[in-house]
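Heads up, the thing below is written out as structure tokens.
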Amino acid sequence: MLIEVKVPMLSESVAEATLVSWHKKQGDTVKRDENLIDVETDKVVLELPAPQSGVLNKIIKGDGATVTGGEVIATIDTEAAGAAKSAEFAEPEKTTSEPVKEADAKKAGAGEMASDAGQEVDSTIPMLMPAARKLAEENHLKASETESIKGTGRGGRITREDVQDYLERKTKENHSESAPVQEEKTEEKNANRTAPDTAGESAASGTAESGGRIDRRVTMSRLRMRIAERLVESQSTAAILTTFNEVNLQAVMELRNRYRAEFEKEHGVKLGFMSFFVKAVVAALRKYPIVNASVEGNEIIYHDYYDIGIAVGSPRGLVVPILRNADRLTMAQIEQQITDLAKRARDGKLTIEELTGGTFSITNGGVYGSMLSTPIINPPQSAILGIHATKDRPVVENGQIVIRPMCYLALSYDHRIIDGREAVLSLVAIKEALEFPASPLLEK
């Protein structure tokens with residue numbers, strides 16, 4: 001019986017998806033719930049499991065194909081499952097020549113892979129993240145090459161950046177190896193001036209011209225294209241303005257150092273800085289609800305809940321998972337959720353629902369060393385807070401110059417509905433909540 005393999009239904013905000021890489025080839029045996037292919041949307045990478053056990057009868061849509069929800073991309077022959085299983089577990093004939101034959105077969109298979117000239121990457125190689133596998137295929141890396149790449153992702157997974165580093169090293173090595181060959185060809189030409197080899201000159205010229213100046217074209221991932229689209233949309237539809245302030249984080253640091261061990265022991269999670277910022281943001285949004293609102297046509301939509309988006313870097317790009325009902329969460333719950341969301345963002349395990357919605361966003365460029373920036377609003381939200389690097393700076397307190405850990409804050413807002421007064425005062429409210437924080441152990 002032939003079973004159709006269909007793309008899972010996508011959310012209303014996702015129109016189409018891209019097939020990243022098949023993990024099975026046509027004719028391979030598959031087991032029920034075994035991941036067949038990674039499907040990339042503009043928000044997440046989904047794993048598409050086999051609906052039934054059997055043999056992958058036909059692949060209708062190949063790697064890189066654009067698909068929609070419910071579209072048939074392959075068929076599985078379930079009746080071939082019994083024969084395939086029997087063959088897999090059949091008792092082999094016990095002959096003295098069998099080990100030799102098996103060894104010869106392995107050598108032949110290895111030889112075929114080596115002579116393939118890198119036309120296809122073995123999609124069964126473990127630990128390759130979807131974006132990394134796609135980049136490897138685009139650059140025609142062989143299985144032996146990808147197996148030599150050291151993964152820096154969680155659990156030793158090979159990320160896109162790992163493949164990128166390998167390609168750059170490979171380019172440099174090829175360039176350095178070509179230098180002695182170039183010199184040898186030049187000497188040979190000088191020794192045989194009476195019979196110049198124009199073909200050799202052409203080849204040498206090509207090597208010299210290429211040098212290390214190599215252009216590589218890599219198609220943007222669907223997530224990267226969506227990020228670009230939304231950023232352009234934000235700047236072309238909203239009247240974005242940014243207001244700045246600075247905050248003294250001395251009190252936050254003292255509280256954090258004082259309660260860090262006790263907090264971790266009680267809640268099983270480290271006490272970071274982000275929970276303080278989330279609490280401060282919620283306090284400010286309660287005072288100035290227009291900053292938590294959004295625009296739809298000629299209407300302003302006020303949200304009486306606080307779904308805070310936290311920008312997280314991932315191998316696929318920047319994603320913004322949502323802390324739902326952040327006003328109802330304790331600091332421990334905030335830290336636990338952020339830790340979980342960040343981990344699953346790195347592993348590509350976030351769901352579409354976790355990336356959809358949000359009434360306000362926080363982005364922390366300070367973790368990368370940013371001193372100041374003007375963050376871009378995440379539509380349809382109307383404001384975003386940018387946090388920057390904390391540095392010891394001289395400030396005046398009670399007429400005295402003292403050294404304090406200072407951090408610049410930037411609030412970008414949609415001037416169509418948020419006036420400067422509300423924007424400035426809401427940022428001041430965030431500053432005050434951070435400079436006079438409550439103990440994290442008072443919350444239960």
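Key figures
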read-out: Residue in the range 397-404 that is open to solvent by less than 30 Å² (accessible area, probe 1.4 Å) and not in a helix (DSSP H, G or I) present; value: no
read-out: Verdict on residue 286 being open to solvent by 60 Å² or more (accessible area, probe 1.4 Å), part of a helix (DSSP H, G or I), closer than 22 Å to residue 377 by Cα and in contact with a helix residue (DSSP H, G or I) (Cβ under 9 Å, 6 or more places away or on another chain); value: yes
read-out: Qualifying residue in the range 342-350 (condition: under 16 Å from residue 249 (Cα atoms), surrounded by fewer than 16 Cβ atoms within 10 Å (Cβ to Cβ) and touching a residue at least 40 places away in the same chain (Cβ under 8 Å)); value: no
read-out: The one condition in (1) open to solvent by 50 Å² or more (accessible area, probe 1.4 Å); (2) in contact with a strand residue (DSSP E or B) (Cβ under 7 Å, 6 or more places away or on another chain); (3) under 20 Å from residue 351 (Cβ atoms) that residue 57 fails to fulfil; value: (3)
read-out: Residue within the range 255-270 that is closer than 30 Å to residue 233 by Cβ and either among the charged types (D, E, K, R) or open to solvent by less than 40 Å² (accessible area, probe 1.4 Å) (or both) present; value: no
read-out: Condition met for residue 314 (at pLDDT 90 or above, crowded, with 16+ Cβ neighbours inside 10 Å and small (Gly, Ala, Ser)); value: no
read-out: Residue within the range 298-310 that is closer than 26 Å to residue 134 by Cα and open to solvent by less than 40 Å² (accessible area, probe 1.4 Å) present; value: no
read-out: Matching residues in the range 210-254 - criterion: being outside any helix (DSSP H, G or I) and either free of Cβ contacts under 8 Å to residues at least 40 places away in the same chain or open to solvent by 90 Å² or more (accessible area, probe 1.4 Å) (or both); value: 211, 213, 214, 215, 216, 217, 219, 220, 244
read-out: Subset tally (residues that are out of contact with any helix residue (DSSP H, G or I) (no Cβ under 6 Å at 6 or more places or on another chain) and under 16 Å from residue 387 (Cβ atoms)) for the range 324-345; value: 1
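The values are calculated or read from the model by the stated rules, or taken from the named source; none is laboratory data. These numbers were taken from a predicted model, which means no experiment stands behind them. Backbone-built Cβ (ideal geometry, glycine too); neighbour counts: all protein chains shown. Heads up: the accessible areas ignore ligands, DNA and RNA and are worked out on the full protein's heavy atoms, side chains in. Shrake-Rupley method; radii C 1.70, N 1.55, O 1.52, S 1.80 Å.
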